[in-house]
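The values are calculated or read from the model by the stated rules, or taken from the named source; none is laboratory data. Quick caveat: nothing in here was measured; it's all calculated off a predicted structure. Cβ atoms come from the backbone with ideal geometry, glycine included; neighbour counts cover every protein chain shown.
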Amino acid sequence: MKLLMENWRKYLEEAAVADEGGLGIFVEEHFPDIGHRSRGHFGLGEGLIMTLIDTDELQMLTTDDLYAEDILNIYKNAVKGYIEIGNQPEIKHGSNTPCYSEVEKQTWTVERAAARSGYGPLLYDMALLASKPHSPGLIADRDEVSDSASGIYGQWLRRGSGATGIKIEARKLDNIEDPQTPPKEDDCQVHQHRDPAVNFIFSTPSSDEPFRVLRKRADDMINGVVGDNPYGIKKQELVIGISKEGGALFDALY
């Protein structure tokens, strides 16, 4: 794992200037108020669906003599992680559960997430960077948190940094059913008998450039595959295939 993280940091340092293949993030935006809707399931009010992909694997769609089963396996093998982040509708529409929400920026939560072994910490770092323009921070799902997700939040809290080296800032949530501090802005539903880290809101002052680099890498690869595959695969078909495999990864792991 340590070697993976070190290689990842090296990859991020080189990605902005090099043209080699690697990881990318395909992003679906879900902002109904401005006409952006995701294709599949999305249980939050507005937010992002992010799929971490191996662009080298995806490029294999441009090779000849693939059978239908081969194409499906390429989609499956290309997807390394999947995460949904966004605001809880009850927070957006005004309730007594602020969870540090602001007037123009509602706190975002992680609703569903899954990753192949070793990719979870990277995926969560990118989700935190992606949430920066939209939210004062990111919190764990208020209903249920997996052990693997709890471990990532614990690392964020105790190390003060993410797997990719981004800086992490944490603010504690106050139990809305038994508040311990006068300000109401930190009041939130909290998890009992879990790692305390799941009851913090996390943010980062670090640049979101690593996320933007990986998003562009995925978009460029998708456009390249669409223009150069011998099977007539259109962009909509390709992105639907990626999205379906992301959701399938979650279903398989949870």
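Every condition in (1) surrounded by fewer than 20 Cβ atoms within 10 Å (Cβ to Cβ); (2) under 24 Å from Leu123 (Cα atoms); (3) among the small types (Gly, Ala, Ser) holds for Ala218 except the one numbered (1).
Among the residues of the range 162-181, are any in contact with a strand residue (DSSP E or B) (Cβ under 7 Å, 6 or more places away or on another chain), closer than 28 Å to Ile53 by Cβ and either basic (Lys, Arg) or assigned to a helix (DSSP H, G or I) (or both)? Explain how you work it out, then say what you get.
Narrowing the range 162-181 to residues in contact with a strand residue (DSSP E or B) (Cβ under 7 Å, 6 or more places away or on another chain): 167-174, 176, 179-181.
Remaining after also requiring closer than 28 Å to Ile53 by Cβ: 167-168.
Next cut, either basic (Lys, Arg) or assigned to a helix (DSSP H, G or I) (or both) only: 167.
Yes - at least one qualifying residue is present in the range 162-181.
The residues on offer are Asp186, Asp174, and the sole one that is of a type outside the set (Lys, Arg) and touching a residue at least 40 places away in the same chain (Cβ under 8 Å) is Asp186. Filter the range 42-87 down to the residues that are assigned to a strand (DSSP E or B) and of a type in the set (D, E, K, R) and list them by number. Of everything in the range 42-87, those that are assigned to a strand (DSSP E or B) and of a type in the set (D, E, K, R) turn out to be Asp54, Lys80, Glu84.
Considering the conditions (1) buried (at least 19 other Cβ atoms within 10 Å of the Cβ); (2) closer than 24 Å to Asp208 by Cβ; (3) not hydrophobic (A, V, I, L, M, F, W, C), Gly154 is excluded by exactly one of them, (1).
Summed over the range 220-245, the residues that are at pLDDT 95 or above and within 16 Å of the chain's Cα centre (by Cα) give a count of 2. Among the residues of the range 63-117, those that are over 22 Å from Pro136 (Cα atoms), exposed (fewer than 12 other Cβ atoms within 10 Å of the Cβ) and either of a type outside the set (S, T, N, Q) or at pLDDT below 90 (or both) comprise Asp64, Asp65, Tyr67, Ala68, Glu69. Val226 meets all of the listed conditions (1) surrounded by fewer than 18 Cβ atoms within 10 Å (Cβ to Cβ); (2) part of a helix (DSSP H, G or I); (3) not aromatic (Phe, Trp, Tyr) but one, namely (1). The set of residues in the range 124-150 that are farther than 19 Å from Lys172 by Cα, of a type in the set (Ser, Thr, Tyr) and outside any helix (DSSP H, G or I) contains only Ser146. Among residues of the range 187-216 being assigned to a helix (DSSP H, G or I) and among the basic types (Lys, Arg), the one that is farthest from Asp141 (Cα to Cα) is Lys216. Within the range 192-202, how many residues turn out to be crowded, with 19+ Cβ neighbours inside 10 Å and either hydroxyl-bearing (Ser, Thr, Tyr) or over 17 Å from the mean Cα position of the chain (by Cα) (or both)? Final tally of qualifying residues: 3. Going by what's in this entry, would Asp251 be described as of a type in the set (Asp, Glu), closer than 27 Å to Thr164 by Cα and at pLDDT 95 or above? No: the conditions fail for Asp251. Out of the range 99-124, which residues are in contact (Cβ under 8 Å) with a residue 60 or more places away in the chain and either charged (D, E, K, R) or within 26 Å of Asp54 (Cα to Cα) (or both)? The answer is Thr109, Glu111, Arg112, Ala113, Ala114, Ala115, Arg116, Gly118, Tyr119, Pro121, Leu122, Leu123.
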